[in-house]
Amino acid sequence: MSGNSPFFRIAAGFFFLSALISCKKEALPEEQTTLLHELELAVPPHFPPVQKDPDNPLTEEGVELGRMLFYDARLSGNNRISCASCHHQELAFSDGIALSNKGVSGMVLPRHAPVLFNLAWAKQGLFWDGGAKNLESQAFGPLTSEDEMHQDLYELERELKAIPDYVSRFKRVFKQEIRSADVVKALSQFQRTLISGGAGYDQYIRKEAGLSSAELNGMNLVLAKCSACHTGPLFTDQGFHNNGLDMVFSEEKEGIYQGHFRVSFNPADMGKFKTPSLRNVMLTAPYMHDGRFKTIEEVLEHYNSGLKTSATLDPGLYQNHGAAGIPLNETEKKEIIAFLGTLSDESFIHNKKKGNPLTL
């Protein structure tokens, strides 16, 4: 790969962004350093604690600024595409299509847009291959990608500085003039508040509601057959796994089909992609990193009979007699789907505080 390749431009951009974030802030007049209101996340009681980021502490003002930016199409180079263009609240902040072509270039993207919830617990890297260290660096990718938002960061700063409301808000939150590094900090603050923990399953855990016999059977099946990767209240181990989608992992497009290997360069990571959460899974079709499965039934049949073996196939997908797969009969499939339905969080997808502030 040449130094002019998109991969190296993004890597250089992450370095540039880190430098911006760590720069010393210029002092502003006292009247511009209004006290901010610290925000404590509403963490469901059965969720693990959240590790706070000392470099980007949550404030009510910062979160609201991030919310405004998330829905603002002026973040894109053509002023037509916002973060919400590919992350719809009613779909648990997914986009409902396999591979999007909504970006500035109109080119079809090689990966399915990931969901955006419970990112306050994100670890081991973001993107399907783990290529971004944290939410702040992750936001840089779509902002500057030629095929996504294609924004020049200096132009973005100039555009936002022409909007008095943004000028005032940035000065209050970050105590300095508008910088692209603070744009991604604000976006990250908002995204960390996208917590989904109010589904029917959560009501069951809190002893506020019951589950049907089919749902309970499905829950036990998921615990027995799926929890090695889809574990805990987040229903993801946040790790990287080869789940038998392919046998060959092309070097095309700078190895984007090679999964975590393109980040770690460890052959053991070939074809491994980040485990998505099962939460809201019935709202977020299609599935997998490339959106190849249109329905959850197709996903279950893949694990039942469609696994493709390779050197890095997850060991947990091999049966005792050596064959690959998770055997499921038709009744078990229906029961699993019944349980997955209890992970849909209607309160989350209809929460007006997470919606577009420009339409309220």
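The values are calculated or read from the model by the stated rules, or taken from the named source; none is laboratory data. Only a predicted model underlies this, so the values are computations on that prediction, with no experimental measurement involved. So basically every Cβ, Gly included, is an ideal-geometry build from the backbone, and we count neighbours across all protein chains shown.
Yes or no: Leu91 in contact with a helix residue (DSSP H, G or I) (Cβ under 8 Å, 6 or more places away or on another chain) and either farther than 27 Å from Glu254 by Cα or outside the structural domain of Leu187 (by TED's automatic domain parsing) (or both)?
So Leu91 fits the description; yes.
For region 293-310, does any single residue satisfy the condition of being at pLDDT 95 or above and more than 30 Å from Thr331 (Cβ to Cβ)?
The initial filter retains those residues of region 293-310 that are at pLDDT 95 or above, namely 293-310.
The next check asks that each one be more than 30 Å from Thr331 (Cβ to Cβ); those that pass are 310.
Looking through region 293-310, at least one residue is at pLDDT 95 or above and more than 30 Å from Thr331 (Cβ to Cβ).
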Options Thr284, Thr312; residue that is under 15 Å from Ser94 (Cα atoms) and not basic (Lys, Arg):
Thr284
Test Met270 against the criterion of being of a type in the set (A, V, I, L, M, F, W, C), surrounded by 16 or more Cβ atoms within 10 Å (Cβ to Cβ), at pLDDT 95 or above and touching a Phe, Trp or Tyr at 6+ places or on another chain (Cβ under 6 Å), and give yes or no.
yes
The condition from (1) buried (at least 21 other Cβ atoms within 10 Å of the Cβ); (2) touching a residue at least 40 places away in the same chain (Cβ under 8 Å) that His87 misses is numbered (2)
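Residues checked against (1) of a type in the set (D, E, K, R); (2) more than 18 Å from the chain's Cα centre (by Cα); (3) assigned to a helix (DSSP H, G or I):
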site: Cys229; (1), (2), (3): no, no, no
site: Phe235; (1), (2), (3): no, no, no
site: His241; (1), (2), (3): no, no, no
site: Gly244; (1), (2), (3): no, yes, no
site: Met247; (1), (2), (3): no, yes, no
site: Ser250; (1), (2), (3): no, yes, no
site: Gly255; (1), (2), (3): no, yes, yes
site: Ala268; (1), (2), (3): no, yes, yes
site: Ala285; (1), (2), (3): no, no, no
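Can you give me the ranges of the helices (runs of 4 or more DSSP H) entirely in region 98-184 with at least 2 residues that are surrounded by fewer than 18 Cβ atoms within 10 Å (Cβ to Cβ) and touching a residue at least 24 places away in the same chain (Cβ under 8 Å)?
Working: elements: 135-144, 153-161, 164-174.
Because the criterion is at least 2 residues that are surrounded by fewer than 18 Cβ atoms within 10 Å (Cβ to Cβ) and touching a residue at least 24 places away in the same chain (Cβ under 8 Å), the helices (runs of 4 or more DSSP H) in region 98-184 that meet it are 153-161.
Looking at Gly232, Gly244, which one is exposed (fewer than 15 other Cβ atoms within 10 Å of the Cβ) and closer than 26 Å to Ala324 by Cβ? Outline the logic, then answer.
On the way: Gly244 fails: exposed (fewer than 15 other Cβ atoms within 10 Å of the Cβ).
When all the criteria are applied, what remains is Gly232.
Being among the hydrophobic types (A, V, I, L, M, F, W, C) and either assigned to a helix (DSSP H, G or I) or in contact with a helix residue (DSSP H, G or I) (Cβ under 7 Å, 6 or more places away or on another chain) (or both) is the filter here, so list the residues in region 199-215 that pass it. Show your work before the answer.
Filtering region 199-215 down to residues among the hydrophobic types (A, V, I, L, M, F, W, C) leaves 199, 205, 209, 211, 214.
Within region 199-215, Ile205, Ala209, Leu211, Ala214 meet the criteria.
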Unmet criterion (only one of (1) of a type outside the set (Gly, Ala, Ser); (2) over 30 Å from Gly66 (Cα atoms); (3) surrounded by fewer than 20 Cβ atoms within 10 Å (Cβ to Cβ)) for His302:
(3)
